[in-house]
Amino acid sequence: MTHGSLFSGIGGFELGAQYAGIETLWSCEIEKFQRNIVKKHFPKTEIYEDIRKTTGLRYVDIISGGFPCQDISISGKGKGIKGERSGLWSEMFRIIREIRPKYVIIENSPMLLVRGFERVLCDLSQIGYDAEWQCISNSSFGFPHRRERVYICAYPDENRRTKIQVFSNF
């Protein structure tokens, strides 16, 4: 399997893919400092800068990303998924629609469930994807603090018959 990462940050999803034996073919991150970290730790990965200008990406089996949550988060101004930053979901969706991977993994603030979740699900549904989701605390991964995030795993409807429950271990 192969992986592509959007809104890569310092490469958390890349690291998870590496641990699972999955090669990350490309990453996209607008912040230079974070891009340099990804470049250092994943030198074979193609790195793109601005998702709004990124086109023609190679096919990957998995696309992951945590589109910006500033407009969605409880500490934000509450503009939701239509806000300037969180509105970048539309760019992530554009790439998912173009590539049509076997799996999509999305991470975001749990406030997405009330500030744009229906848009994410409807967009994915329009292109034939089903989804499962769950809020998971960092403490579930052994961290000493509680910070919940919503994780969404989506896959084409034709995989529904053979799907494995994604969140069965949590």
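The values are calculated or read from the model by the stated rules, or taken from the named source; none is laboratory data. The structure presented is a predicted model; accordingly, all values stated were derived computationally and were not measured. Counting neighbours? That spans all protein chains shown, and the Cβs are built from the backbone with ideal geometry, glycine included. All accessible areas refer to the heavy atoms of the entire protein, side chains included, with ligands and DNA or RNA removed. Shrake-Rupley method; radii C 1.70, N 1.55, O 1.52, S 1.80 Å.
Some points to look at:
- Selection count where residues are without any contact (Cβ under 8 Å) to a residue 24 or more places away in the chain and not in a loop (DSSP other than H, G, I, E, B), scope the range 76-89: 1
- Within the range 138-153, restricting attention to residues that are assigned to a loop (DSSP other than H, G, I, E, B) and closer than 21 Å to residue 75 by Cα, the residue that is most open to solvent (accessible area, probe 1.4 Å) is 146.
- Considered as a group, the residues in the range 9-23 that are in contact with a helix residue (DSSP H, G or I) (Cβ under 8 Å, 6 or more places away or on another chain) and buried (at least 17 other Cβ atoms within 10 Å of the Cβ) include one that is nearest to residue 91 (Cα to Cα), and that residue is 9.
- Residue tally, condition under 14 Å from the mean Cα position of the chain (by Cα), assigned to a loop (DSSP other than H, G, I, E, B) and farther than 17 Å from residue 9 by Cβ, over the range 101-117: 2
- Subset of the range 115-170 (residues that are among the β-branched types (Val, Ile, Thr) and at pLDDT below 95): 162, 164, 166
Each row is one residue, and each column tells you yes or no for (1) free of Cβ contacts under 8 Å to residues at least 12 places away in the same chain; (2) closer than 16 Å to residue 102 by Cβ; (3) assigned to a loop (DSSP other than H, G, I, E, B); (4) open to solvent by less than 100 Å² (accessible area, probe 1.4 Å).
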{"residue": "25", "(1), (2), (3), (4)": "no, yes, no, yes"}
{"residue": "33", "(1), (2), (3), (4)": "yes, no, no, no"}
{"residue": "36", "(1), (2), (3), (4)": "yes, no, no, yes"}
{"residue": "40", "(1), (2), (3), (4)": "yes, no, no, no"}
{"residue": "47", "(1), (2), (3), (4)": "no, no, no, yes"}
{"residue": "52", "(1), (2), (3), (4)": "no, no, no, no"}
{"residue": "60", "(1), (2), (3), (4)": "no, yes, yes, yes"}
{"residue": "63", "(1), (2), (3), (4)": "no, yes, no, yes"}
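- For the range 80-102, the set of residues classified as surrounded by fewer than 18 Cβ atoms within 10 Å (Cβ to Cβ) and closer than 17 Å to residue 55 by Cβ consists of 90, 94, 97, 98, 99, 100, listed by residue number.
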